[in-house]
Structure formats: structure tokens, C-alpha cells
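Student: Below is a structure I'd like to ask you about.
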Amino acid sequence: MARITAGVATSHVPAIGAALDNGRSGEDYWKPVFAGYETSKAWIKDARPDVVILVYNDHASAFSLELIPTFAIGCAESFAPADEGWGPRPVPVVQGHPELAWHLAQSLILDEFDMTIVNRMDVDHGLTVPLSLMFGQPDAWPCKVIPLAVNVVQYPPPTGNRCFKLGLAIARAVASFPEDLNVQVWGTGGMSHQLQGPRAGLINKAFDTAFLDRLVADPEGQAAVPHIDYVREAGSEGIELVMWLVMRGALTREVRELRRFYHVPASNTAVGHLILEPIPEQPQ
Amino acid sequence: MAENPFKDIPGTTLFDAEQSRKGYHLNMFCMSLMKAEGREAFKADEGAYLDRWPMTAEQKAAVIARDWNGMLALGGNIYFTSKIAATDGLSFQQIAAMMSGVSQADYAAMMLAGGRSIEGVRSKKGDA
């Protein structure tokens, strides 16, 4: 039986990918960012996931305004890195897991989550930067990846509560997949940042810290936080944080926090990172 | 109708239904810059290239003037308009500095010092 063994959350700042790709990760500006992921890289070498369900958002790369799916699941054999205007990132092609992805799509739809099924999709920095942070620069990614794209560009994104419940449904779907697979669920984006307008550059460390605490200890409470609070307090792009609730929903009610990292700045953004481990409930 | 609470946030344009409808062609023009052919044709003759989309005269003028805040007001979305910046060889941080009205050096220094503080920019009515 497939099982969810961990949840990972991380920001997906494009400049982090560019720093790595251009050999600038050792510069003083970037060193603390990459240093913050060293123990996580060691951890994941031992954790060895077979498949990562990677929750992220597309940034006008695969989806323009012609088609804006709220939740889309990548069921293809593979996904090429997108050309975001500077040429594609020099990272390996992402290998999918069509069997599990189709199983998830079917289970989720019958569980009343109306997923969009995607058979061809390029993946942008939202998906590839988290892989780079956790795995470095390998010739091939060491696991299969199921991209799960959430619309957070066109308002309104799904509510935090809907994202959390999608995570719960993902946990049910994974548990009903017969093959023995070690599955992780990742939530990406955030933390506080605003890229647009006169308020660009907003960072709210107090909000971010409270979000991290509450995501771990009181996820239902965090799931009830309305969009206006994210946009006002964490910036217009900080609303990406609802995607972390998908990851959290896929874990158990109680979790062990294995890793937390927070750093300002990476370009315009606060970088946040968590590794959480489920604690299965013991039968009474 | 109740007051839209998002309009109370200073210096922020929510990309909602109204903005998306207004900016559809502007944003789809930006999308065309994802391809090298689009970028080259735009650079060769900006006005002629923009005429391929049924954009308003104000939208075209804002693109040509690289009025980044103006484009947002006219329905542009930052993930789309940033493709113009990429075509110009500008980084996200450079246009963020322009949109917030400071030099790139000052903006970068602000970010290194922890970013723009939330204090005073929560609400147009003033922070409670």
C-alpha cells in the first residue's frame, strides 16, 4: 500500500533557481539560503521518497488567461522545464508517475474534488526550484513527481479550507493505492512577499512565524483564515501560502516538526521551509 | 454592495475578475513574449507588434512607456507584465524598485534590512 511518509514545505523563489543555475550559490547573498537546506538535503537522501506529490502554482507559463484551472493534476509520463522568457532552466526533465497520478485524479474526483487532468504541461520555477533546493543539481531527479498546480494568480484562489480538505482527500487516495510506495507531499510558494505596485517588497516576519506555528499545531484554524488576511498581511503574492495547507491536510492531525528554516531576503521574498512527519494515531 | 476590502490595501491591485477582463489582451500580448520570435518581433517594432492585439490606446502607451504601475491599473498582471521586463533584460527586483518609486540600490538595501515593514501599509484608513 502506498503511504505518505513526510510533508515538505518551501518557498519557490525564481531567483534561487537562477543563482544555482548560474553558479552563484556560494556568494554571500545566497550562501545562507542554500545553507538552510543542507540538513534537509541530507535528510531526504535517507528518506528516499519514491514519489513526490508537488503542490505548486504555475506563473503564466503553462497556463495563460485562456485556461485557468483551480486544481490541475499532471498525469503525463514526463514534464519539461518551461521557458519562462530566459530559456528553460538547465535542470533534468521531471519524470511523472502516471499510475498514481491517474489513481489520484479518479479518487479525488469521486471524492468531490473536480480536478483538471493534464496530459501535457511544462513546469516552471514553481515546481523546479523546490526540487533544486531539496536535491541539489543531480543529472536526474531521484524520484518521480506528480505536479499538482493550484491557481493563485487569478483571484480568487481556492480557500485555505478547500486546500486543507484537498490534502485530506489526497491522504485517502494515496492510502487506497495498492502498490507499496513511499510518497511525500510538498507544499510550495510564499512566504510573505509582494511583487507588484508601490507596496512591492513587503515582508511580514510576524505573520510568517505565526503561520508556521499554526500550520503545525492548529491547521484547521489556519485553514479558516480568509484571503484578505493573507493579501493584507503577507502581500498580494503571499496568498500562495494556501498551497502549504494541501500538504498539511495530507498528513496526520499530529505531526513532528523535523526542520524549520526562515530567511529574509531572497530577491523580493521571505524564504520559509518546513519538514513535517506524520504521527499515526495508535488504536485505543 | 458591501465595500471591497481589498481596495483598502495601499499600493496593491488585486488581479480579480474586473482587472482580468480589462487586461485580457494586454496580458495575452505579454504571454507572446515567452517565445523568442515574439520577443524579436516586439523589439524590432514595438508599436506594430502591439497592434496585433486589440488593446486600448492607454494600454499600448503604458507598455511603450514601461509604466509598470500603469499597466497594473489597466488590467496587467505582474506575472505577465514581468515578461516585458525579461524581454528588456530587467530582473524582478529592478521592476519592483521602479514600481515602488525608489532606486534599485535603495530597494535592495531595504530587502537586505528585512523588507518593507507592514507597519503603516495595512490599510488606507491607517493601521488600527
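Student: Please tell me if A:G235 is in contact with a strand residue (DSSP E or B) (Cβ under 7 Å, 6 or more places away or on another chain), among the small types (G, A, S) and closer than 22 Å to A:V150 by Cα.
Tutor: On the way: in contact with a strand residue (DSSP E or B) (Cβ under 7 Å, 6 or more places away or on another chain): yes; among the small types (G, A, S): yes; closer than 22 Å to A:V150 by Cα: yes.
Here the answer is yes, as A:G235 does meet what is asked.
Student: How about the range A:267-282: which of its residues are at pLDDT 95 or above and not polar (S, T, N, Q)?
Tutor: Of everything in the range A:267-282, those that are at pLDDT 95 or above and not polar (S, T, N, Q) turn out to be A:A270, A:V271, A:G272, A:H273, A:L274, A:I275, A:L276, A:E277, A:P278, A:I279.
Student: A follow-up question, please. What's the number of the only condition in (1) within 14 Å of another protein chain (Cβ to nearest Cβ); (2) in contact with a strand residue (DSSP E or B) (Cβ under 8 Å, 6 or more places away or on another chain); (3) among the hydrophobic types (A, V, I, L, M, F, W, C) that A:L258 fails to meet?
Tutor: That leaves (1) as the condition not met.
Student: Could you check the range B:10-47 and list, in sequence order, the residues that are outside any helix (DSSP H, G or I), among the hydrophobic types (A, V, I, L, M, F, W, C) and either more than 8 Å from chain A (Cβ to nearest Cβ) or in contact (Cβ under 8 Å) with a residue 12 or more places away in the chain (or both)? If you could, list the steps in order and put the result at the bottom.
Tutor: Of all residues in the range B:10-47, those outside any helix (DSSP H, G or I) come to B:10-16, B:33-35, B:45.
Subsequent filtering for residues that are among the hydrophobic types (A, V, I, L, M, F, W, C) retains B:14-15, B:33-34.
Within the range B:10-47, B:F15, B:L33, B:M34 meet the criteria.
Student: Find all pairs meeting these conditions: Cβ atoms under 8 angstrom apart; at least six residues apart or on different chains; first residue within the range B:103-114 and within 7 Å of another protein chain (Cβ to nearest Cβ) and assigned to a helix (DSSP H, G or I); second residue β-branched (V, I, T) and surrounded by 19 or more Cβ atoms within 10 Å (Cβ to Cβ).
Tutor: B:M111/A:I203; B:M111/A:V264
Student: Same structure again: Could you please let me know if A:G26 is over 20 Å from the mean Cα position of the chain (by Cα), modelled with pLDDT under 95 and surrounded by fewer than 22 Cβ atoms within 10 Å (Cβ to Cβ)?
Tutor: no
Student: Then there's this: Taking the range A:82-98 as the search range and keeping residues that are more than 14 Å from every other protein chain (Cβ to nearest Cβ) and assigned to a loop (DSSP other than H, G, I, E, B), which one is nearest to A:D180 (Cα to Cα)?
Tutor: Filtering the range A:82-98 for residues that are more than 14 Å from every other protein chain (Cβ to nearest Cβ) and assigned to a loop (DSSP other than H, G, I, E, B), the one nearest to A:D180 (Cα to Cα) comes out as A:H97.
Student: Inside the range A:173-273, counting only helices (runs of 4 or more DSSP H) that do not spill past its ends, which hold 3 or more residues that are within 24 Å of B:G115 (Cα to Cα) and not small (G, A, S)?
Tutor: Output list reads A:205-217, A:227-234, A:242-249.
Student: Just the residues that are over 8 Å from the mean Cα position of the chain (by Cα) and either facing chain A (nearest Cβ under 10 Å) or touching a residue at least 24 places away in the same chain (Cβ under 8 Å) (or both), please, taken from the range B:81-95.
Tutor: Within the range B:81-95, B:K83, B:I84, B:A85, B:A86, B:T87, B:G89, B:S91, B:F92, B:Q93, B:I95 meet the criteria.
Student: Is it the case, given these coordinates, that B:P5 is out of contact with any Pro (no Cβ under 8 Å at 6 or more places or on another chain), more than 26 Å from A:G87 (Cα to Cα) and more than 8 Å from chain A (Cβ to nearest Cβ)? Write out each step before concluding.
Tutor: Working: out of contact with any Pro (no Cβ under 8 Å at 6 or more places or on another chain): yes; more than 26 Å from A:G87 (Cα to Cα): yes; more than 8 Å from chain A (Cβ to nearest Cβ): no.
Taking the combined requirement at face value, the residue does not satisfy it.
The values are calculated or read from the model by the stated rules, or taken from the named source; none is laboratory data. The structure displayed is predicted, hence computed values, not measured ones. Note: ideal-geometry Cβ built from the backbone for every residue, glycine included; neighbour counts use all protein chains shown.
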